[in-house]
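The values are calculated or read from the model by the stated rules, or taken from the named source; none is laboratory data. The model shown is predicted, which means the values in this text are computed figures rather than measured ones. Cβ coordinates were reconstructed from backbone atoms using ideal geometry, including for glycine residues, and neighbour counts include every protein chain displayed. Note: accessible area is taken over every heavy atom of the protein model, side chains too, but ligands, DNA and RNA are not part of it. Shrake-Rupley method; radii C 1.70, N 1.55, O 1.52, S 1.80 Å.
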Amino acid sequence: MSAPPAPVALPGPLGAWATRPGHYGFRLWAPGARQVELLRGDTAVPMQAEAGGSFFVEQALEEGTRYRYRVDGGAPVPDPASRWQPEGVQGPSAVLATAHAWHTDDWQGRPWADAVLYEVHVGACGGYAGLQAQLPRLAAMGITALELMPVAQFAGTRNWGYDGVLPYAPAAAYGEPWQLKALVDAAHAHGMMVLLDVVYNHFGPDGNHLHAYAPAFFREDAPTPWGAAIDFRQPAVQRYFIDNALMWLREYRFDGLRLDAVHAIVPATFLDQLREAIAQALPAQRHVHLVLENERNQASLLARGYTAQWNDDFHNALHVLLTGETEGYYGAFADDPLAHLARVLGEGFAFQGQPDALGHVRGEPSAGLSPDHFVVFAQNHDQIGNRALGGRLRTQLSVPRLRAALALTALTPMIPLFFMGEPWGATQPFLFFTDFAPPLDEAVREGRRREFARFSAFADADARARIPDPNAPSTFLASQAPISDADSGDGARWVRWFTELLALRRRWLVPGLTQARALPVRQLGPGALAAGWQLPGSQWHVAFNFGAAPVPMPAGAQCLLLAEHVDTGRAMLPVDGFIAWREMLA
């Protein structure tokens, strides 16, 4: 039997794009189709079959023109590469011009060493325009980079964004595409980078029609938690996602991307292909940062050019140390959270190829990487929202203990990330929310409650019934953390402290951050560590105590920052104490 023919690359981009003034090209990849029509209202225009399984037609029309595709006489479907879905995932696609009057044309980004990331849910901030209004206050706090949770079009009007089905279209629930460009433009005017979280490992459960007319987009032999894996062996699939990344970086001028759960991308070689394509397509002088979420802790991807990875090991070890929780994935850190955190501070990842307490082997050696390859956080959308009641650390810890944890996050040469509301000590939960139609709404509601049945606090059915309904509008409304809370009272006090914290990082760490190299980490006592890093001309040190008793203050410590209740005249670092100091070299 002869081998099947090799896949053929697409002759051009997918979706609708301007070919010349007043004219747009339309291309759909539908390798299983016999015929495809472009629908414009009641008009059906046949599309020409091309090599590789795509169909193409060029039309003279205006921006905003609605259109759909009809494949083999079936029901009309939106463009999977639609740039604009003004009526949501089930409505028609719309032609979008790429021109925009940018006010920051000379912006080339900022070095990664400058990054203090602030992760936000755009919808919970009032949409693109609502978040833009927050920029002056965020910049004044010392935030240098926004990280937007996914904005790709999803079903309904509220969603975390990881259920997106049209990756090219900014969510209509948050505003118009040009309002997203205005947000990025305004952030740049404030000296802030903007990174976007993109989901290239799966599509959401409502509104994706690719299975019907492009089954080759998926592979049944590689299951994922979301169903069949996307088939990244296909040139058309590769182009679909590479062009999507370039669209966000070129047309919307994002400064970087955070790639969600890349461990679910098969084969992983696509990640190198994507990184190389971006490097080749964009000017060398632009600062473009590519950040991974990767359960496999593949340090080799970082060594080959990815900017950084979200370091869940830092969070998980710190969380167990702070709270004593050991259920779920915290179980892998329960044996010795202090030792895991020490390895993170000294070498990057806690797990670098050895089995964890649950028997899972993951990770690659990371000690050879500079600390700025790791994004660290005490909280993020996952670590708050994946809790049944969406509780923040602010509601679980004392103020000194939480501030010590945030100071540790901010004052290492790793790149800190803070979640929406953290700078002003927000207490509102961040819950899991959706807006699905029946029967999917009920399936999601009950699925989430089943998920928590294995946790002791929700073993009882009555306790699970109190888990907020993801589909209820009230769940979304409860998850907002208004920035107005930062203007007075306790919120204003938190902001003053947070602003001083970031000023300390900016003054002492950032200038030599890219050359930082870890020094040996020392245990000061049960729950207490001292860590340090070699910088040009100096050493930077931090120490904290999350144990049950005071520990001796490290020798030579001359505090630049300390928890509010630490007495520098004493020789002991108290419980929930944190200090940072700098030593000049002769």
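Ala16: within 18 Å of Leu210 (Cβ to Cβ) and in a strand (DSSP E or B), yes or no?
yes
Please go through the range 328-344 and pick out each residue that is out of contact with any Leu (no Cβ under 8 Å at 6 or more places or on another chain) and assigned to a helix (DSSP H, G or I).
Once the filter is applied, which keeps residues that are out of contact with any Leu (no Cβ under 8 Å at 6 or more places or on another chain) and assigned to a helix (DSSP H, G or I), the range 328-344 yields Gly328, Tyr329, Tyr330, Phe333, Ala339, His340, Arg343, Val344.
Can you say whether Gln132 is closer than 20 Å to Asp255 by Cβ and touching a helix residue (DSSP H, G or I) at 6+ places or on another chain (Cβ under 9 Å), as far as the supplied structure shows?
The answer is yes for Gln132.
Here are some residues: Ala303, Ala308, Ala342. Which one is open to solvent by 10 Å² or more (accessible area, probe 1.4 Å) and under 26 Å from Arg392 (Cα atoms)?
Ala342
Within the range 515-561, take every residue that is polar (S, T, N, Q) and under 22 Å from Leu321 (Cβ atoms) and give me the one that is least open to solvent (accessible area, probe 1.4 Å).
Asn545
Name the one entry in Pro215, Pro235, Pro223, Pro205 that is surrounded by fewer than 19 Cβ atoms within 10 Å (Cβ to Cβ) and touching a helix residue (DSSP H, G or I) at 6+ places or on another chain (Cβ under 7 Å).
Of the residues listed, the single one that is surrounded by fewer than 19 Cβ atoms within 10 Å (Cβ to Cβ) and touching a helix residue (DSSP H, G or I) at 6+ places or on another chain (Cβ under 7 Å) is Pro205.
For the list (1) surrounded by 22 or more Cβ atoms within 10 Å (Cβ to Cβ); (2) under 30 Å from Pro520 (Cα atoms); (3) of a type in the set (A, V, I, L, M, F, W, C), I need the number of the one condition that Trp424 fails.
(2)
So which residues in the range 89-107 are among the β-branched types (Val, Ile, Thr) and touching a strand residue (DSSP E or B) at 6+ places or on another chain (Cβ under 8 Å), if there are any at all?
Val89, Val95, Thr98 - these are the residues of the range 89-107 that are among the β-branched types (Val, Ile, Thr) and touching a strand residue (DSSP E or B) at 6+ places or on another chain (Cβ under 8 Å).
Let me confirm something: among Ala279, Ala284, which residue is open to solvent by 10 Å² or more (accessible area, probe 1.4 Å), free of Cβ contacts under 8 Å to residues at least 40 places away in the same chain and assigned to a loop (DSSP other than H, G, I, E, B)?
Ala284
What residue, among those in the range 432-453 that are among the aromatic types (Phe, Trp, Tyr) and not in a helix (DSSP H, G or I), is farthest from Arg392 (Cα to Cα)?
Phe436
If a residue must be buried (at least 22 other Cβ atoms within 10 Å of the Cβ) and modelled with pLDDT under 95, how many such residues does the range 97-129 contain?
Within the range 97-129, residues that are buried (at least 22 other Cβ atoms within 10 Å of the Cβ) and modelled with pLDDT under 95 number 0.
For the range 93-108, check the following and say yes or no: at least one residue is aliphatic (A, V, I, L, M), touching a residue at least 12 places away in the same chain (Cβ under 8 Å) and either on the phi > 0 side of the Ramachandran plot or in a strand (DSSP E or B) (or both).
Among the residues of the range 93-108, at least one is aliphatic (A, V, I, L, M), touching a residue at least 12 places away in the same chain (Cβ under 8 Å) and either on the phi > 0 side of the Ramachandran plot or in a strand (DSSP E or B) (or both), which makes the answer yes.
Return the residue satisfying two criteria in turn: it lies in the range 319-339 and is of a type in the set (Gly, Ala, Ser) and under 25 Å from the mean Cα position of the chain (by Cα), and of such residues it is most open to solvent (accessible area, probe 1.4 Å).
Looking at residues that are of a type in the set (Gly, Ala, Ser) and under 25 Å from the mean Cα position of the chain (by Cα), I get Gly328.
If the requirement is being open to solvent by 40 Å² or more (accessible area, probe 1.4 Å) and in contact with a Pro (Cβ under 7 Å, 6 or more places away or on another chain), which of these qualifies: Arg66, Arg40, Arg27?
Only one candidate passes the filter, namely Arg66.
Hey, Thr395 hits all of (1) open to solvent by 20 Å² or more (accessible area, probe 1.4 Å); (2) out of contact with any Gly (no Cβ under 8 Å at 6 or more places or on another chain); (3) more than 30 Å from Ala530 (Cβ to Cβ) but one; which does it fall short on?
(3)
I'm checking my understanding of the structure. Among residues of the range 61-97 that are of a type outside the set (Phe, Trp, Tyr) and within 25 Å of the chain's Cα centre (by Cα), which one is nearest to Thr144 (Cα to Cα)?
Ranking the candidates gives Arg83 first.
Could you identify the single residue in Asp372, Asp382 that is at pLDDT 95 or above, touching a Phe, Trp or Tyr at 6+ places or on another chain (Cβ under 7 Å) and acidic (Asp, Glu)?
One residue alone meets the criteria, Asp372.
For the range 43-60, name all the residues that are under 34 Å from the mean Cα position of the chain (by Cα) and aliphatic (A, V, I, L, M).
Those that are under 34 Å from the mean Cα position of the chain (by Cα) and aliphatic (A, V, I, L, M): none in the range 43-60.
Just to be sure, is Glu58 outside any loop (DSSP other than H, G, I, E, B) and among the acidic types (Asp, Glu)?
yes
If only one of Leu180, Leu166 is within 15 Å of Gly123 (Cβ to Cβ) and in contact with a strand residue (DSSP E or B) (Cβ under 7 Å, 6 or more places away or on another chain), which one is it?
Leu180
Can you pull out every residue in the range 345-366 that is at pLDDT 95 or above and either open to solvent by 60 Å² or more (accessible area, probe 1.4 Å) or not in a loop (DSSP other than H, G, I, E, B) (or both)?
Leu345, Gly346, Glu347, Pro365 - these are the residues of the range 345-366 that are at pLDDT 95 or above and either open to solvent by 60 Å² or more (accessible area, probe 1.4 Å) or not in a loop (DSSP other than H, G, I, E, B) (or both).
Starting from residues that are among the aliphatic types (A, V, I, L, M) and assigned to a loop (DSSP other than H, G, I, E, B), keep the ones in the range 68-83 and report whichever is nearest to Pro170 (Cα to Cα).
Looking at the filtered set, the residue picked out is Ala81.
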